[in-house]
1. Determine the shape class of the protein assembly as shown: with a ≥ b ≥ c the square roots of the Cα gyration tensor eigenvalues, call it rounded for a/c under 1.5, and otherwise prolate if a/b is greater than b/c, oblate otherwise.
2. What is the Cα coordinate range of chain A on the first, second and third principal axes, sorted by size from largest, in whole angstrom?
3. I'd like to know which of A:Val151, B:His33, B:Gly377 lies farthest towards the positive end of the charge dipole of the protein assembly as shown, counting +1 on Cβ of Lys and Arg and -1 on Cβ of Asp and Glu.
4. Of the residues A:Ser227, A:Ser163, A:Ser133, which exhibits the maximal mean-square fluctuation in a Gaussian network model of chain A defined by a 10 Å Cα contact cut-off?
5. Toward the positive end of the charge dipole of region B:7-236, about the Cα centre and with charges on Cβ (Lys, Arg +1; Asp, Glu -1), which of B:Ser12, B:Cys211, B:Pro68 goes farthest?
6. Projecting each Cα onto the charge dipole of region A:18-79 (Lys/Arg +1, Asp/Glu -1 at the beta carbon, about the Cα centre), which of A:Pro36, A:Ala65, A:Gln50 comes out farthest on the positive side?
7. Would you list B:Ser220, B:Ser407 from fewest to most Cβ contacts within 10 Å?
8. Relative contact order of region A:18-79, please, whole-number percent, based on alpha carbon pairs below 8 angstrom and at least 6 residues apart.
Amino acid sequence: MNSTDLGLPALPAKPYPPEVHARLAVDAKELIARYPQARSALLPLLHLVQAEEGFVSATGIRFCAEQLELTTAEATAVATFYTMYRRRPAGEYHVGVCTNTLCAVLGGDQIFEELQEHLGIGNNETTEDGKLSIEHIECNAACDYAPVVMVNWEFFDNQTPQSAKQLVDDLRAGAEVRPTRGAKLCSFKQTARILSGFPDTREGANEESGAGGAPSLAGLRLAKGESLPGAPGARVVSPRAEGTEA
Amino acid sequence: MTATEPAEKLLSPVLSASWDDHRPWSLETYHRHEGYQGLRKALAMDPDALIALVKESGLRGRGGAGFPTGLKWQFIPQNDGKPHYLVVNADESEPGTCKDIPLLFANPHALIEGMVIASYAIRCEHAFIYLRGEVVPVLRRLHAAVAEAYQAGYLGRDILGSGVDLDITVHAGAGAYICGEETALLDSLEGRRGQPRLRPPFPAIAGLYACPTVVNNVESIASVPSILARGKEWFTSLGTEKSPGFTLYSLSGHVTNPGQYEAPLGVTLRQLLDISGGVRSGHRLKFWTPGGSSTPMFTDEHLDVPLDYEGVGAAGSMLGTKALQIFDETTCVVRAVTRWTEFYAHESCGKCTPCREGTYWLVQLLKRIEAGAGEAGDLEKLLDIADNINGKSFCALGDGAASPISSSLQYFRAEYEQHLAERRCPFDPAAATVWADAKQAKAPQPATEREVHA
């Protein structure tokens, strides 16, 4: 790379091979048909090309632009605005540690520090085997389960440095990993396809992990006359100690 | 209500009532809990009468601003020859806010039923759920629930033989807090960068594709079926006069039992803490947010503030999303505010100068104060910058960024000054973690190891 090319790929980008293009064009048509105006399908299409390559490449952007009759500049402007679109190849499992204030204070900062040290990579980097990438993320709407770690955007609630390190070790070893809320992990590419708007077709995936863990049910239990731990007459176990239940 | 009232009487589960039932996300279970009964009643009404009913119920937006839901619906011009749209804001991203995600995970049909009712009222035939992308388990449940609703005849053509048509598209975002702002959300849904629009025109006149559009929060819409099924008198019997009804309060942080507590509007934090086991054992409340990080923080002086729109407003903050983030005395307020400010700087869309530049400079100042490198005048400069963002930005993100700064300096100025005077942060972050006390109980932690972990 010389000092004037800014690391940008040569334009115009190469198109997808004909068979890939044909397959994706069928999917794109289906997604576009869900909207009154075609351009609304741009975010889904960007998820779709991310599902193909694991990141949004210049080729992917070209494909999206062509489907929607936009310029590649217009599609690029959108792709670079949103943090979920990756701009370079990254891990099969994308590990996000919440370090927004509440999770950070409750231990997210320590989890993120120890995970980076454990994996030998920094923020937004990928392990050499291509298995894992790691990133600190913003609030993921699970503060009652803090500290929270996301893998491929499934919830791993109430984490500790130990549990998070075990989690990434299991992922690297290829062990089956189940989130506390969500379905058995699939690859980042498969996750991106669900995000594009094509439902998860794995049998039973939607049923996994129940309705939520103890925090989701805390108020309901109290309202039914049960007690919570630490409150008088405790009859239910602590949400901190308990995993997610059906 | 008094603080000694038993939990059964204080709480009022409606949206969360089915969450411990078998597969509450399924249509089958939803039917067992009066599911789609409200829709049947609504379809038997005239759409204008339906809007009037929701207006008279006093339901107010649960996404933060508290705008009357029925009034929003009424603003949609009728017989204008344009398509109308309903867009549900499920981009829940405000730090501390965690109500819509568990609600959609456990009970997605409450939203779908509410959407059919709202669409019938505003004469909309295509509605959208804009869900933040980072919650695939919820996306999965929404995909399945919408498919179930189509199959059961609650969506599609001629719904329940009424002649009414409605399609719902589930749309996943791609990571941008700003898309929770309703006009940024509309731009994003149109396939653009999520940047707020100048108003007027408001979405009710020129929203999605420049057509009349209602944008409502998940919880607001999901609350509608129960009003239809049980009546507006039942709804107004809950809560306070100006803030009627029930809502999800989300307790998180340094508490014994974090979680979702559905209660009539107007309960107090003291009541919620009393019934749920309080602040974590051996600690005391230091500061808290009533409705996410964008709402000015409160302290232990505010335990008895009624948590409704008026009560919280009168005490100098906003009810917001009812995200009650609790921090005890182990938490450094400068660290907390610095982190929130980094969030706002990261999420600022860049469209307007006060927010884009202001949040950047706030982070620089706060980081050096937290690191013990602050200088005399830094606190005045913080307030000055916050004042130049608040009310002068394009959208509410900027106002939200100023809130933690000004409120923390109002209540904890001495702690900022301590950072300046001692030229260090006087807190040990390890003491604030969930596992800090558990470790201490087992064996006293050597100071050196604590420092390593910090």
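Read-outs: derived from the displayed coordinates by stated rules, not from any lab. Every value quoted in this text rests on a predicted model; they were computed, and no experiment measured them. All Cβ positions, even for glycine, are placed from backbone atoms using ideal geometry, and neighbour counts span all protein chains on display.
1. Numbers: a/c = 1.38, a/b = 1.08, b/c = 1.27.
Taking the square roots of the gyration eigenvalues as a ≥ b ≥ c, the protein assembly as shown is rounded.
2. Projected onto its principal axes, the Cα set of chain A covers 68, 43, 31 Å.
3. Farthest along the dipole direction, towards plus: B:His33.
4. Maximum fluctuation in the GNM of chain A, among the listed residues, is at A:Ser227.
5. B:Pro68
6. Positive-end residue among those listed: A:Pro36.
7. Fewest-to-most Cβ neighbours within 10 Å comes out as B:Ser407, B:Ser220.
8. Across region A:18-79, relative contact order equals 26 percent.
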